[in-house]
C-alpha cells in the first residue's frame, strides 16, 4: 500500500514515519511526503527519509513538492498541513489576545482564523485526491480537526476520518492515576474535537469516574494538562473534560497566564521549531544522521513537556528534567505490535495513528475515538455533523459509530453552540463572505458578540493577507 502525507515536513513526521516503519513493518511499501517549503524538505522531511534508510528501508520514503506526484495511486492520505505555518498560528493568537479575548490555536477566534484559511486549501487537495487517488481514504490530523473533517465530509467528495490524540491520551492518564491498565479500561466519551468529556471509565466492571471526580485535585496534579481545570466546577458538571475545555471554563486564568509568560504558546512553539530546524540542519551539514535525530527528538521532547504550561501556569517553554533524557533510538524495537510501541517511547499521536492504520487497512479491528459524522448517535446534533465519538474501524476498512453516552446538560449546551459556529465557518469559507465569517465567529461562546467578531475578522484579513484575501 501507498501512503501520502500532506504536510510531510511537519515536526511530528519523522517520529510518525519511524513509528510506521518500526511498529507496522511492511504495511506500506511507499510513503510519500508532500512538502512545499524548501527548508522543511531539507530538514524534517529529509530526516524522515534518512530514518527509513537507517531502519533498512532505503527508498521507502520520498519527498516532493508536486501534489500530483505525491498523490498518484495513494491508498491512504494523511493531512497534517498548517496553512500559514508557525507564523500564522502566532497571528491567530495575538490578534485575539490584543483584544482581551482567548487566543488559542484551535479554539475560538484563533481556531476560526485557522479554519478559514485552511478549508479552501484542504478542499483543493480533495479535488486532487479524486483525480489522482480516487479510492484513497483521507485521515485528517489538520486542525481544527473536527471542523476541517466536517468540511471534507460534507464538501470534499472523499472518504475521511478525523483523528486527534487528545481523548485517548487523557483516558490513558486517568487510568494510570487510578492504577488501572490503560489497555483494559472502557471509557464513555463524547463531544467535539477539543470539546469533549469522559463520562465513565470502567475497569473490571467498576466505574472509576466517581473516584476520579472526588480526587480531582490529585488528578490535576498528576497530569499537568488538567492543571487549569477547577475541581469544584468539574465535580458539578459530573464528567471530566479534556484539557481544551479549560479555555471555556476559565478564560481569565488563561489570559492571566499568557500575560505572565509574556508570550503565547504559538510564540513558544515558533521558537522551539526554529531551534529544531536549525539543529537538524547543522547535524545534516556535518553528515551525522544520528545527531540530527538526537537533536530532533530532544527538542520534540521539550515541546511535549511544555504543552499547556504557558496557558495554565504562565511558564513559557521552560525545559523540564524529562526533556533532558536520552531520546529514543532510531533503531527498531525487536517485535511488532503494542510491546514494540512501548519500547520505542511513542507519543500519543504516533500510537493513535498506528491504531487507525490497523483498522482502516484491515490489519486488525480497532475501536478508537475519532471525528466522523455521528450518524444519529448524538441525538442533539444533525446526522451529518462531525462529532468526536467512539467508532469501530473494522477489518474491511469500514467506520461504524458506537452509541454515544449522554453528556451533562451544560456540556451539551457548549457542544450545540460550538457546532453552530462550525457550520457557519464552513458556510463562510465556501461563500467567501467576510460578513458570514463574522456572524459565525460571533456565535462562538468565547467571542463577546458581533462587533468584536467583525473587528477580529478584519484584523485577521489584514494579518493573513493572501491566505484570507478570498473573504470579501
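Counting only helices (runs of 4 or more DSSP H) that sit wholly inside region 196-269, those with at least 2 residues that are under 22 Å from the mean Cα position of the chain (by Cα) are 246-249, 251-261. Of all residues in region 302-328, those satisfying the criterion of being modelled with pLDDT under 85 and closer than 22 Å to residue 51 by Cα are 304, 323, 324, 325, 326, 327, 328. Residues in region 425-450 that are in a helix (DSSP H, G or I) and under 16 Å from residue 120 (Cβ atoms): how many? Residues in region 425-450 being in a helix (DSSP H, G or I) and under 16 Å from residue 120 (Cβ atoms): 11 in total. When residue 56 is tested against (1) over 24 Å from residue 164 (Cα atoms); (2) touching a helix residue (DSSP H, G or I) at 6+ places or on another chain (Cβ under 8 Å); (3) part of a loop (DSSP other than H, G, I, E, B), just one condition goes unmet, and that condition is (2). Of all residues in region 31-52, those satisfying the criterion of being outside any helix (DSSP H, G or I) and either farther than 21 Å from residue 355 by Cβ or outside the structural domain of residue 84 (by TED's automatic domain parsing) (or both) are 32, 33, 34, 35, 36, 37, 42, 43. In this entry, residue 260 passes the filter for residues that are surrounded by fewer than 17 Cβ atoms within 10 Å (Cβ to Cβ) and in contact with a helix residue (DSSP H, G or I) (Cβ under 9 Å, 6 or more places away or on another chain).
Could you tell me whether any residue of region 147-163 is assigned by TED's automatic domain parsing to the domain that holds residue 118, modelled with pLDDT of 95 or more, under 29 Å from residue 258 (Cα atoms) and part of a helix (DSSP H, G or I)? Within region 147-163, one or more residues are assigned by TED's automatic domain parsing to the domain that holds residue 118, modelled with pLDDT of 95 or more, under 29 Å from residue 258 (Cα atoms) and part of a helix (DSSP H, G or I).
The values are calculated or read from the model by the stated rules, or taken from the named source; none is laboratory data. Just so we're clear, the structure is a prediction, and the values are computed from it rather than from any experiment. As a convention, Cβ positions derive from the backbone with ideal geometry for all residues, glycine included, and neighbour counts pool all protein chains shown.
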